[in-house]
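Only one structure is covered here, and it is reproduced in the block below.
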Amino acid sequence: MNDLHIERARSGAGLADWRAVHNTVVPTAVLSLDEVRERAGRNLLDVAYLGDVAVGCSTVRPPDGETAAATVIARTLPGFRGRGFGTALYERGLAHARTLGDGGVETVVLVSNEEGLRFALARGFVEVERYVLPGDTVPFVTLRLA
């Protein structure tokens, strides 16, 4: 992990790297670069690099009208899981989320991402909801940090 560094996705290259990781880990909700730019305007988007290779990304969404909780989502590419990269992204995102209020912390994981669900459950999250986006068939799981 010595070569791991995490950067805020602000520029074209960073946003493109964030998008590539997101679209690989969440293939049922592929985002365009314009959609990623829009998300970057309201959420904190980070990319984890091992050397110069993007290996993960994260999103921190502030509380909104639907929930008082901040949302922290850490994604690691399958070939790089189990090496602490997701933990580094998650801990960085969690630290930021805790500055956004005391309404709690949630995460969202695609139900087919069994490793992601295990990751969240191992960190004290509990399932609160499952939902399917319009036009999709694979549910997302919302979990809250207990």
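The values are calculated or read from the model by the stated rules, or taken from the named source; none is laboratory data. The model shown is predicted, which means the values in this text are computed figures rather than measured ones. Because the Cβ atoms are built from the backbone with ideal geometry, glycine has one as well, and the counts that use them run over all protein chains shown. These area figures cover heavy atoms from the full protein model, side chains too; ligands, DNA and RNA do not enter into them. Shrake-Rupley method; radii C 1.70, N 1.55, O 1.52, S 1.80 Å.
Side notes on the structure shown:
- Radius ratio Rg over Rh of region 1-139, counting only Cα atoms, Kirkwood formula for Rh: 0.93
- Taking the accessible area of the chain, probe 1.4 Å, and keeping the other protein chains in place, the carbon and sulfur fraction comes to 51%.
- Dipole magnitude for region 64-146: computed about the Cα centre from +1 point charges on Lys and Arg Cβ and -1 point charges on Asp and Glu Cβ, it is near 400 debye.
- Among Val132, Val109, Ala97 - extreme Cα towards positive end, dipole of region 96-146, charges at beta-carbon: Ala97
- Heavy-atom accessible surface of the chain, averaged per residue, reaches 52 Å², computed with a 1.4 Å probe.
- Modelled spin labels at Arg118 and Arg37, positioned 7 Å past Cα toward Cβ, are 3.9 nm from each other.
- Rounded to the nearest 10 Å², the accessible area of His5 at probe 1.4 Å: 70
- Rounded to the nearest 20 debye, dipole of region 1-77 from Cβ charges on Lys, Arg, Asp, Glu: 100
- Förster radius 25 Å - calculated FRET efficiency between Val126 and Arg98 (Cβ-Cβ, nearest 0.05): 0.85
- Where trypsin sites (Lys or Arg not before Pro) fall in DSSP loop in region 1-73, at most 14 other Cβ within 10 Å: Arg10
- Asp52 versus Glu7: modelled label distance in nm, points set 7 Å from Cα along the beta carbon direction: 1.0
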